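Before any comments, here is the structure.
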Amino acid sequence: MAAPSPTAPPTIDPIAALRWSLAAPASSPWLHEEVARRMEERLQWIKLQPEAWCHWEAVRGGLQAHDRLRQRYPKAQVYVHESTPQGAAAALQALRPSGWNPARWFAPTQHFQTPPDGAVQMLWANMALHLSAQPMALLAQWQQALATDGFLMFSCLGPDTVRELRELYRSLGWPVCGHEFTDMHDWGDMLVQAGFAEPVMDMERIVLTYDSPARLLGELRTLGRNLHPARFPGLRGRGWQQELERSLAHKLASVEHAGRLGLSFEIIYGHALKPAPRLQVRDQTSVSLQEMRDALARGKNLPRMI
């Protein structure tokens, strides 16, 4: 499968992507929670203790992970960003303290809003980037929210995700079953273009097994929809679904998985820093007040004003 250009979004229909974001269940799928758990383990290698951090799309990204992150950074303020009304309502219901609990009076503030520019030292975005029709714009938002020397932690699906299902659709002569996912090397290039530094990319493959085609399809419906512009344009009938389930039972069952249906997911993990702004010296140099403060705080010499 050809990887998308690092300067272009994946093969996503933006209208379909918007519809899915509005229709997605306001809950954390099991796979999202598992990926978040594995990503949270990687934080043990990062020494920076953020004073404030942002959970981007916490409801879909993992509410259990949110609790673990608050335990890891008990003194840090938290920003919870949700892009839809149902997500914001679910976040308030699940994460806002309720009842009489004196401990919450001394807990760090939890803001249910997008963080101001430069307000957080960590931005956490689990399993969201592969569904964006404008990934460069989203990366720019994350970069803007981070303070200098803050870091981004994210995960998303990679190109080998549901390869068994893609091969099945191809063998049956059906239109594609989903949009193409971006390769981790392209994500690294896009991070640099968005102003991040020192991107570190990693990936792993997770194989989930199911006891029936219905269970497999049910889980896929919680993870997303077919956003490819060349997807089948009409509604499918019961006969098509029966053929799909028969084909899944025949093609995806294997001795390796004790007769269960196996489906692969490529998980990409990314980490990158927001570097200090570079001050370029020209015949006439303009330096903002905030850039002057940042440079002085870091012990750097400012360019001479002409």
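Points to keep in mind about this one:
- Matching option when the condition is under 23 Å from Arg60 (Cβ atoms) and over 18 Å from the mean Cα position of the chain (by Cα), among Gly178, Gly218, Gly237, Gly173: Gly218
- Close contacts from region 156-170, counting a first residue that is over 17 Å from Arg221 (Cα atoms) and a second that is among the acidic types (Asp, Glu) and at pLDDT 95 or above, with Cβ to Cβ under 6 Å and a gap of 6+ residues or different chains, come to Gly158/Glu266; Asp160/Glu266.
- Subset of region 250-265 (residues that are under 19 Å from Trp174 (Cα atoms) and modelled with pLDDT under 95): His250, Lys251, Leu252
- Of all residues in region 107-118 being closer than 21 Å to Ala65 by Cα and out of contact with any Lys or Arg (no Cβ under 9 Å at 6 or more places or on another chain), the one that is surrounded by the fewest Cβ atoms within 10 Å (Cβ to Cβ): Thr109
- Evaluating Glu57 against the criteria (1) open to solvent by less than 40 Å² (accessible area, probe 1.4 Å); (2) at negative phi; (3) out of contact with any Lys or Arg (no Cβ under 9 Å at 6 or more places or on another chain) leaves one unmet condition, (2).
- Restricting the first member to region 127-141 and to residues that are free of Cβ contacts under 8 Å to residues at least 40 places away in the same chain, and the second to residues that are open to solvent by less than 50 Å² (accessible area, probe 1.4 Å), the beta-carbon pairs closer than 7 Å and six or more apart or on different chains are Leu138/Leu129; Leu138/Ser132.
- Residue-level check: of (1) open to solvent by 60 Å² or more (accessible area, probe 1.4 Å); (2) closer than 26 Å to Ser27 by Cα; (3) of a type in the set (Asp, Glu), Glu204 misses just (1).
- In summary, Met153 fulfils each of the numbered conditions (1) at pLDDT 95 or above; (2) farther than 19 Å from Arg70 by Cβ with the single exception of condition (2).
- Listed by first and then second residue, the pairs linking a residue in region 44-65 that is assigned to a loop (DSSP other than H, G, I, E, B) to a residue that is of a type in the set (D, E, K, R), with Cβ atoms under 6 Å apart and 6 or more places separating them unless they lie on different chains, are Gly62/Glu33.
- From the options Met122, Met136, Met127, residue that is open to solvent by 20 Å² or more (accessible area, probe 1.4 Å) and under 17 Å from the mean Cα position of the chain (by Cα): Met136
- Residue ID - farthest from the chain's Cα centre (by Cα), chosen from residues in region 73-94 that are outside any loop (DSSP other than H, G, I, E, B) and among the β-branched types (Val, Ile, Thr): Val78
- Qualifying residue in region 271-285 (condition: among the basic types (Lys, Arg), part of a loop (DSSP other than H, G, I, E, B) and modelled with pLDDT under 90): yes
- The set of residues in region 158-191 being closer than 14 Å to Leu227 by Cα and either in contact with a strand residue (DSSP E or B) (Cβ under 7 Å, 6 or more places away or on another chain) or of a type in the set (A, V, I, L, M, F, W, C) (or both) consists of Val176, Cys177, Phe181.
- Note on region 71-99: residues that are surrounded by fewer than 18 Cβ atoms within 10 Å (Cβ to Cβ), touching a Lys or Arg at 6+ places or on another chain (Cβ under 9 Å) and in contact (Cβ under 8 Å) with a residue 60 or more places away in the chain total 0.
- Residue that is open to solvent by less than 20 Å² (accessible area, probe 1.4 Å) and not aromatic (Phe, Trp, Tyr), where the choices are Thr209, Thr182, Thr148: Thr182
The values are calculated or read from the model by the stated rules, or taken from the named source; none is laboratory data. Quick caveat: nothing in here was measured; it's all calculated off a predicted structure. Every residue, glycine among them, receives a Cβ derived from its backbone with ideal geometry; neighbour counts consider all protein chains shown. Heavy atoms of the whole protein, side chains included, go into the accessibility calculation; ligands, DNA and RNA do not. Shrake-Rupley method; radii C 1.70, N 1.55, O 1.52, S 1.80 Å.
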